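Report on one structure; see the data block that follows.
The values are calculated or read from the model by the stated rules, or taken from the named source; none is laboratory data. Everything numeric in this text was worked out from a predicted model, so none of it was measured. Here Cβ is always computed from backbone atoms with ideal geometry, including for glycine, and neighbour counts include all displayed protein chains.
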Amino acid sequence: MRGADLVLIILFAASISAFSSAETGSQELLVEEIGDAPGKLWGPGEIGEQWQIVSPNNTTTIGTFILNDSVDVFALNISSTNWTTVGFWVSNNDSVSISIQRLNQSTWSIVEFANGDEGELGLDHGLHAIRLERIGSFEEEISYRFTLENIGSFDGEERFVNLAWMFTPFYVFAGVLLILPLVIVLWWNRNDLLPPGKKDGGLVENERYILNSLRERFSTSDGAMRREEVNLALSVLGEGSWNSVSEELGVPEIRYFTENIDICAWRFEGSRRSFLIGIKTGTSSWEMAAIRIFSPLGEVTTIRSVVPEMVFQDDEVFIGNLEAGVTTFVQIETLGNPPVVNMHISGLVDGKPVAAVPTNSIELEEE
C-alpha cells in the first residue's frame, strides 16, 4: 500500500513539473543551433535543411561561432497571411550583431533589412533571413543568444495612404490667389508692355498723316499749314511718337544719345534753313533746358522762328522743364549764311548743370 502511495506521489509531482514546463514554453521557446548554421543566404532552389527555420513567436535561439566562423544565417518563417512586425535583439553580447532581411519570395533577393539598432521589421508571408555576424577576434569560440518577438500583425497594403487628392482644391485656390495680382498689374500696363506694332492701327495712320503734312510744310515756303496747325501737329507727335517719327523720317542728320537724353535733327528737301529737332529724355528730368544753334566756324547764326511758340533770343531757344521719359519736337528756322551749323543742349539734371554737344554738324550748303 505504501508502495502504491509512493508511485502516486511521484506521478503527481511529474505532472506538476510537466505542466509548469509547458506553461513556461508558451511564454518563451528555447531553441538551440543545429550543427553549424550556413554563412550565406540561399538562392533559388538552394534552401534546404542546413538553414534552420526559426519561429518568430517569442523564440530564443542559442548558437555558437566556432573558430574562423564569422557569419550564421537562419531562416525565419512568417506563416500569417498578413504582415507581421517582428522584434529582435541579441542578449548580453557585444561581440555579435544581428539583422533581419526581408526577401523577395521568388528571387530571394534582399528587399529590406533592419539591424539591432532598429530592433524590429515588418515582414510579409514567407521565408526571410536572420543574419548573425561576429565582431572582433576570430581566435576563440563565441556563444550568442538572440530572441524574436511577434509584436503583431497588420495589413501591409494599408500602410501608406495617398491623401494628396484632398489638397488639390487648396492648391488651385492658392495658385489663383497668388497669380491674380500679377494679372492685374499686367492688365494695367498692357499699353506699355505691348510692342509698337500691336497698338491701334488708327493711331499709326494718324501719325503718318501728320508727318507727311509736316514734311510738306517744311519743304515749301508758302506756309501751306497755318502756325496753329503746326503747333498742334508737333504737340500730337510729342505724345510718345518717337519710334514712328524715326521710322518715317529716316536717319537724322544729327544724332546724340546718352542715358539722360536722345537728340535727333532732321532737315527736309527744300527747307534749307529749317530743322525739326526731337528731344527724348531718359530716366531723369531736365530743368531750364535750352537749345543753341551755332556755327562751329564762328559765323553768326540767328533764330528766326520757333514752332511751337517758345521764348528765343539770338541763337538760343529756351525750352523750359522736361519731365523724365517724355518726347518733345521743335521746328527751328534760322537766318544767316553759315555753311555748317551744330546744336548745343544744356540744362540742369538732378540739380547739376549738364551740356550735350553732338559731334556731327549739318552742312547747309547742300540743298
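Suppose the filter is modelled with pLDDT under 80 and not β-branched (Val, Ile, Thr); does residue 367 pass it? Criteria met by residue 367.
Per-residue answers, yes or no, for (1) free of Cβ contacts under 8 Å to residues at least 40 places away in the same chain; (2) closer than 18 Å to residue 31 by Cα:
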residue	(1), (2)
52	yes, yes
72	no, yes
79	no, no
82	no, no
105	yes, no
130	no, yes
136	no, no
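Hey, any hits in region 341-350 for a residue that's modelled with pLDDT under 80 and not in a strand (DSSP E or B)? No, region 341-350 contains no residue that is modelled with pLDDT under 80 and not in a strand (DSSP E or B). Output yes when any residue across region 351-360 is within 52 Å of the chain's Cα centre (by Cα) and at pLDDT below 80, and no when none is. Scanning region 351-360 turns up at least one residue that is within 52 Å of the chain's Cα centre (by Cα) and at pLDDT below 80. Looking at 327, 334, just one residue is hydroxyl-bearing (Ser, Thr, Tyr), closer than 16 Å to residue 264 by Cα and touching a Lys or Arg at 6+ places or on another chain (Cβ under 9 Å), and that residue is 327. If you check 121, 148 for being in contact (Cβ under 8 Å) with a residue 40 or more places away in the chain, assigned by TED's automatic domain parsing to the domain that holds residue 51, surrounded by 15 or more Cβ atoms within 10 Å (Cβ to Cβ) and of a type in the set (A, V, I, L, M), only one passes: 148.
Out of the residues in region 328-345 that are more than 17 Å from residue 280 (Cβ to Cβ) and in contact (Cβ under 8 Å) with a residue 60 or more places away in the chain, which is surrounded by the fewest Cβ atoms within 10 Å (Cβ to Cβ)? Looking at residues that are more than 17 Å from residue 280 (Cβ to Cβ) and in contact (Cβ under 8 Å) with a residue 60 or more places away in the chain, I get 335. Before we move on, is residue 45 modelled with pLDDT under 85 and either at positive phi or part of a loop (DSSP other than H, G, I, E, B) (or both)? Answer is yes for this residue.
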